[in-house]
Amino acid sequence: MSTPSHSDLSGADRPARSAPPRRAADTGPWPAPIAAEPVHATVRVPGSKSETNRALVLAALADGPSTITGGLDARDTRLMRDGLRTLGVGIDDSGPSWRITPPADGFSAGGDIDCGLAGTVMRFLPPIAALAPGTVGFRGDAEATKRPMGPLLDALSDIGAEIDPADTQHLPFTVTGRPDLPGGPVLVDSSSSSQYLSALLLVGARFARGLDVRHIGPTLPSRPHIEMTVQMLRERGVRIEQQGTDRWIVQPGPIAARDTTIEPDLTNAAAFLAAAVITAGEVRVLDWPERTNQPGDLAREVFEAFGASVERRDGALVVRGQDRLRGVDLDLSAASELTPVVAALASVARDTSHLRGVAHIRGHETDRLAALETELNRLGSHTRQTHDGLVIHPRVLHGGEWRTYADHRMAHAGALLGLLVDDITLDDVGCTAKTLPEFPMLWTKMLDDSDEWSERGNGSTGGVQA
Ligand SMILES: O=C(O)C1=C[C@@H](OP(=O)(O)O)[C@@H](O)[C@H](O)C1
Ligand SMILES: C=C(OP(=O)(O)O)C(=O)O
């Protein structure tokens, strides 16, 4: 079998390079701009979704008001702010820093919370609703009603909250709670999402007996996100002990109010860095943290596996792509958010890639394994799902429609392929508003900056070279 390489896609086998479209529409069909040259740009991305939503929840549960600076303003974090307001939390987000005031007399019942398609909202807010004196409704987008909720709802019901319908596995549902729930020992199978564990740990200190949570499933994805939860709790004075790999004991007590600044979102940043990997260019993302629990930081190792070079320079992360991408064999369980972007890179590598450890992403914004298999194959790839990942045999890709399935990271993957393959159109770029409403603008600006860099005489003249 002959395996096409990066050069096959960017050189002789490719159709003539067309002028890059520069439409910055932020909703509806979006012709992905092609990269006429290797991409050279500097990018700054907004705050982390995962940190912003944890910071909001912890501020709402805290013993006094606090401020969040650099919080992400996107659909997922707006839904979180609105959901917390429904529960009685005061949030002033009119300025660049947000002021969060926990309710003086406990959380309010009686409201209805729209979770959109946000995993963090649909998982982190029900345990808070369990502390409200009455019933709170939860609903979401059509796609959200397929995302798994059962293990978290079972755990809440085991500690005394009432869930209706009682045996539901999905949105919509109601939670009927009471402010004096005792908490105590609880088992949860978090193999379909680490967010159930994070959700319980975030609120655990507010139960009369705290919470002793044991994960009982066969696998546990996204461990860096659990570490992020634990670290943010400790920074607020919560005593939390991890025993072995799968048990966390949260002591009851106050959660201290703490002003906090949010790191840039490294998973969103990875899509821009991948533009350097796929075009053999150089992209720098500013303000890359020295130490972080964001799994997006693992993109550094992922890009090196493809053959790119990665270095820190003056507080930025700089990724320089090489001419021919190597195929990779990667367990992405810790950083499964990266899978769509990694799959896009793998589909233009010089040999076969195996992505493993991500069975649970069938329950993300869409079934990401099915969506990637379908959309890559529609462009001519030979990709197949396995029980927990993808096997991607590179082929010469052709243009066509790239369906996003309301999934922001599918949009990032399609945009990335569009840098190399003529005439890829995303069916709806609006889904990027979930965590990065500026995505079309930032992507276009990255290419405009890159063009300027070339015009200043820095670039090669031969297009994206392999
Ligand atoms: O806790 C969080 O902030 C997240 C945990 C992960 O969820 P899963 O464990 O369901 O993958 C991740 O994929 C998601 O984007 C954000
Ligand atoms: C899985 C993701 O999101 P959510 O927080 O909705 O689970 C994601 O952003 O890749």
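For region 46-58, the criterion of a residue being surrounded by fewer than 24 Cβ atoms within 10 Å (Cβ to Cβ), in contact (Cβ under 8 Å) with a residue 60 or more places away in the chain and more than 15 Å from ligand 1 (Cβ to nearest atom) is satisfied by at least one position. Of the residues that sit in region 269-303 and are outside any loop (DSSP other than H, G, I, E, B) and over 21 Å from the mean Cα position of the chain (by Cα), which one is surrounded by the fewest Cβ atoms within 10 Å (Cβ to Cβ)? Across region 269-303, the extreme among qualifying residues is Glu282. Among the residues of region 95-130, what is the count of those that are over 24 Å from Ile159 (Cα atoms), among the aliphatic types (A, V, I, L, M) and touching a strand residue (DSSP E or B) at 6+ places or on another chain (Cβ under 8 Å)? Residues meeting the conditions: 1.
For (1) more than 13 Å from ligand 2 (Cβ to nearest atom); (2) under 21 Å from Gly414 (Cα atoms), each residue gets a yes or a no:
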position: Arg312; (1), (2): yes, no
position: Val318; (1), (2): yes, no
position: Arg324; (1), (2): yes, yes
position: Leu338; (1), (2): no, yes
position: Val342; (1), (2): no, yes
position: Ile361; (1), (2): no, yes
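Could you go through region 122-140 and let me know if any residue there is farther than 20 Å from Ala256 by Cα, within 16 Å of ligand 1 (Cβ to nearest atom) and charged (D, E, K, R). Yes - at least one qualifying residue is present in region 122-140. Being out of contact with any helix residue (DSSP H, G or I) (no Cβ under 7 Å at 6 or more places or on another chain), within 16 Å of ligand 1 (Cβ to nearest atom) and at pLDDT 95 or above is a property that holds for Pro264.
The residue that is surrounded by the fewest Cβ atoms within 10 Å (Cβ to Cβ), among those in region 191-213 that are within 25 Å of the chain's Cα centre (by Cα) and away from ligand 2 (no atom under 15 Å from the Cβ), is Leu201.
Residue count for region 113-139 under the criterion of being within 14 Å of ligand 2 (Cβ to nearest atom), of a type outside the set (Lys, Arg) and closer than 13 Å to Val203 by Cα: the result is 2. Counting the residues of region 160-170 that are part of a loop (DSSP other than H, G, I, E, B) and surrounded by fewer than 19 Cβ atoms within 10 Å (Cβ to Cβ) gives 7. The set of residues in region 153-176 that are out of contact with any strand residue (DSSP E or B) (no Cβ under 7 Å at 6 or more places or on another chain) and within 16 Å of Leu187 (Cα to Cα) comprises Asp154, Gly160.
The values are calculated or read from the model by the stated rules, or taken from the named source; none is laboratory data. From a predicted model like this one, the values you see are computed outputs, not experimental measurements. Positions of Cβ are backbone-derived with ideal geometry, glycine not excepted, and every protein chain shown enters the neighbour counts.
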